[in-house]
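Worksheet: the structure to be examined is printed underneath.
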Amino acid sequence: MSVRRALALAACGLAGGSVLLSAVVVGKQPARGGGDSEPRPGGSAVPSAAPPGLLLLPPTASCPPAAGWIERPAGSGSYWDSNWDRREPLALINLKKKHEESGEEELASRLDHCKAKATRHIFLIRHSQYNLDGRADKDRTLTPLGREQAELTGRRLASLGLKFDQIIHSSMTRATETTEIISKHLPGVKKISTDLLREGAPIEPDPPVSHWKPEAVQYYEDGARIEAAFRNFIHRADAKQEEDSYEIFVCHANVIRYIVCRALQFPPEGWLRLSLNNGSITHLVIRPNGRVALRTLGDTGFMPPDKITRT
């Protein structure tokens, strides 16, 4: 691939496929003689009046098609899919059943009935450090340091002064033990165990890594389950929910990283580019209109430096 083509592709990626004129810093360009511009195929030209060290890409630079998984609302010109959780009010009603006489008024009433009113606060907690030498899941219990980390995480959550609604946790031993320790600092908050949040390989990462290469069948099996966890737990509040909710999910690094990418509508293949410490807190906010914000990612600032691990 030529340097100009590579730069054009990079510019297209940054501009979302709508490039009029982009300037990319490159090495010093050789002088061109005879005229004010360099001829280009199709009659276009690169102006020679660019400042030294800049290469101006022509308006006709073609961009590759967007990845097939990106859903773009028709005519919006935006990458954000407002119906990402399939809970957009217009998607929940049948417009054909609109009453003929009071059509618009009835439609507005039905839309209002389907609108979420509350904000969901999702706290994703990675389990604490555990025994890596355990051969079976039941043997992969928390280390003494891991138990300390869980205590620190529990204290941090309690110090926020929030009324937590529930703790949903992975059924794996290290997540269950982490939950038990955290819950001591949050008395009265119900705990729910689920297999959906168990650790696994969500989707083949891009770029790949050499030290971790699961079999293709693992992505196929784990990926469907972890995607099901995302669809089941990560969405805007139900229309019947009147007050904001605060929910804790204790699970695993791969699951959390994938959920964050999916919730923010970032390429899910990039999940392995994120890194999470043991016992860390990731805070997602889902507004009634479906907008999602990441408040914190892998926060362990409440732990002393000598207690922080990433195993």
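The values are calculated or read from the model by the stated rules, or taken from the named source; none is laboratory data. Every value quoted in this text rests on a predicted model; they were computed, and no experiment measured them. All Cβ positions, even for glycine, are placed from backbone atoms using ideal geometry, and neighbour counts span all protein chains on display. Please note that ligands, DNA and RNA were not included when accessible areas were found on the heavy atoms of the full protein model with its side chains. Shrake-Rupley method; radii C 1.70, N 1.55, O 1.52, S 1.80 Å.
Values for this structure:
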item: Pairs where the first residue, in region 288-305, is within 22 Å of residue 90 (Cα to Cα) and the second is part of a loop (DSSP other than H, G, I, E, B) and charged (D, E, K, R), C-beta under 8 Å, 6+ apart; result: 288/115; 288/117; 288/236; 289/236; 290/85; 290/87; 290/88; 290/236
item: Failed item, numbered, when residue 162 is tested on (1) under 16 Å from residue 281 (Cβ atoms); (2) within 20 Å of the chain's Cα centre (by Cα); result: (2)
item: Of all residues making up region 181-199, the number that are among the acidic types (Asp, Glu) and surrounded by 17 or more Cβ atoms within 10 Å (Cβ to Cβ); result: 1
item: Residue count for region 117-169, restricted to those that are under 17 Å from residue 187 (Cα atoms), in a loop (DSSP other than H, G, I, E, B) and either of a type outside the set (Lys, Arg) or open to solvent by less than 10 Å² (accessible area, probe 1.4 Å) (or both); result: 5
item: Condition check for residue 224: without any contact (Cβ under 8 Å) to a residue 12 or more places away in the chain and aliphatic (A, V, I, L, M); result: yes
item: Residue under evaluation residue 171, criteria (1) closer than 29 Å to residue 291 by Cα; (2) touching a Lys or Arg at 6+ places or on another chain (Cβ under 8 Å); (3) small (Gly, Ala, Ser), criterion not met; result: (1)
item: Any hit, region 207-217, residues being touching a helix residue (DSSP H, G or I) at 6+ places or on another chain (Cβ under 7 Å) and at pLDDT 95 or above; result: no
item: Some residue of region 154-174 being in contact with a Gly (Cβ under 7 Å, 6 or more places away or on another chain) and not acidic (Asp, Glu); result: no
item: Matching strands (runs of 3 or more DSSP E) fully within region 200-311 where at least 1 residues are buried (at least 20 other Cβ atoms within 10 Å of the Cβ), acidic (Asp, Glu) and under 19 Å from the mean Cα position of the chain (by Cα); result: none
item: One residue from 297, 272 being in contact with a strand residue (DSSP E or B) (Cβ under 8 Å, 6 or more places away or on another chain) and not β-branched (Val, Ile, Thr); result: 297
item: Residue pairs meeting the criteria (Cβ under 9 Å; at least 6 apart or on separate chains; first on the phi > 0 side of the Ramachandran plot, in region 257-278; second of a type in the set (Ser, Thr, Tyr)); result: 265/79
